[in-house]
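Peer 1: Sending over a structure as structure tokens; questions will come in a sec.
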Amino acid sequence: MKRYRSIVRIVFAVIFIGGGISHFVLGRLYPNSYATFGRTALIPGLRDLWSSWVMPNIGWLTILLGIYEVACGVGILLRRTTRWATLGMIVFLVFITILGYGFPAASPGADFLGNRLITICMVLLLIPVLVAKPQPAGSRQQKPGE
């Protein structure tokens with residue numbers, strides 16, 4: 001399980017640091033590309049909020065989002081902040097699950113597959129990292145027979 005958690009931490013660090021950097025770039029070059037996300041929100045009020053407040057402020061919001069994602073990505077690699085960073089990632093992914101990725105869908109099933117399933121799977125992958133008992137710095141687990 002320790003190896004699993006190590007791999008997940010590295011993979012999610014890459015995903016979140018890369019995602020944060022992409023928001024810095026996309027927020028400057030293609031800010032209107034974020035409009036599509038509001039179209040698949042599960043909560044109608046969130047759709048309205050997205051178009052009336054988020055999109056007019058997308059420039060600075062993508063900077064904050066980039067900082068948040070990079071901080072989570074770096075934080076999951078550091079032993080003392082792993083749990084907080086993992087929780088931050090899960091909160092972000094739950095929000096994205098509610099918001100959706102903006103892929104048009106003809107049915108609720110298609111919407112689930114295109115806009116929700118991947119983030120639910122990502123949360124499930126992170127749960128073992130979140131609930132792991134923290135190891136003190138400099139310690140290692142003793143193997144049977146040592």
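The values are calculated or read from the model by the stated rules, or taken from the named source; none is laboratory data. If you're wondering where the values come from, they're calculated on a predicted model, not measured in any experiment. With ideal geometry, Cβ positions are generated from the backbone for all residues, glycine too; neighbour counts draw on all protein chains shown.
Yes or no, residue by residue, for (1) in contact with a Leu (Cβ under 6 Å, 6 or more places away or on another chain); (2) among the basic types (Lys, Arg); (3) on the phi > 0 side of the Ramachandran plot; (4) surrounded by fewer than 19 Cβ atoms within 10 Å (Cβ to Cβ):
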| position | (1), (2), (3), (4) |
| --- | --- |
| ILE15 | no, no, no, yes |
| PRO44 | no, no, no, yes |
| SER51 | no, no, no, yes |
| THR62 | no, no, no, no |
| ARG80 | no, yes, no, yes |
| ARG83 | no, yes, no, yes |
| VAL91 | no, no, no, yes |
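Peer 1: Does region 83-104 contain at least one residue that is modelled with pLDDT of 95 or more, over 22 Å from PRO128 (Cα atoms) and in contact with an Asp or Glu (Cβ under 8 Å, 6 or more places away or on another chain)?
Peer 2: no
Peer 1: Inside region 106-124, can you point out the residues that are among the aliphatic types (A, V, I, L, M) and surrounded by 16 or more Cβ atoms within 10 Å (Cβ to Cβ)?
Peer 2: Pass one, region 106-124, residues among the aliphatic types (A, V, I, L, M): 106, 110, 113, 117-118, 120, 122-124.
If the condition is that a residue be among the aliphatic types (A, V, I, L, M) and surrounded by 16 or more Cβ atoms within 10 Å (Cβ to Cβ), then MET122, VAL123 are the ones that fit.
Peer 1: Go over the candidates ARG116, ARG80 one by one and state the one that is over 16 Å from the mean Cα position of the chain (by Cα), in a helix (DSSP H, G or I) and either of a type in the set (Lys, Arg) or within 14 Å of ILE17 (Cβ to Cβ) (or both).
Peer 2: ARG80
Peer 1: Output yes when any residue across region 10-28 is farther than 21 Å from VAL74 by Cβ, in a helix (DSSP H, G or I) and over 17 Å from the mean Cα position of the chain (by Cα), and no when none is.
Peer 2: yes
Peer 1: A follow-up question, please. Based on what the data block shows, is TYR101 touching a Ser or Thr at 6+ places or on another chain (Cβ under 8 Å) and part of a loop (DSSP other than H, G, I, E, B)?
Peer 2: Numbers: touching a Ser or Thr at 6+ places or on another chain (Cβ under 8 Å): yes; part of a loop (DSSP other than H, G, I, E, B): yes.
When the stated conditions are applied, TYR101 passes them.
Peer 1: List every residue pair whose Cβ atoms sit under 8 Å apart, with the two residues 6 or more apart in sequence or on different chains, where the first one lies in region 30-46 and is part of a helix (DSSP H, G or I) and the second, anywhere, is of a type in the set (S, T, N, Q).
Peer 2: Hits for this filter: PRO31/THR62; TYR34/THR62; ALA35/SER51; GLY38/SER51; THR40/ASN115.
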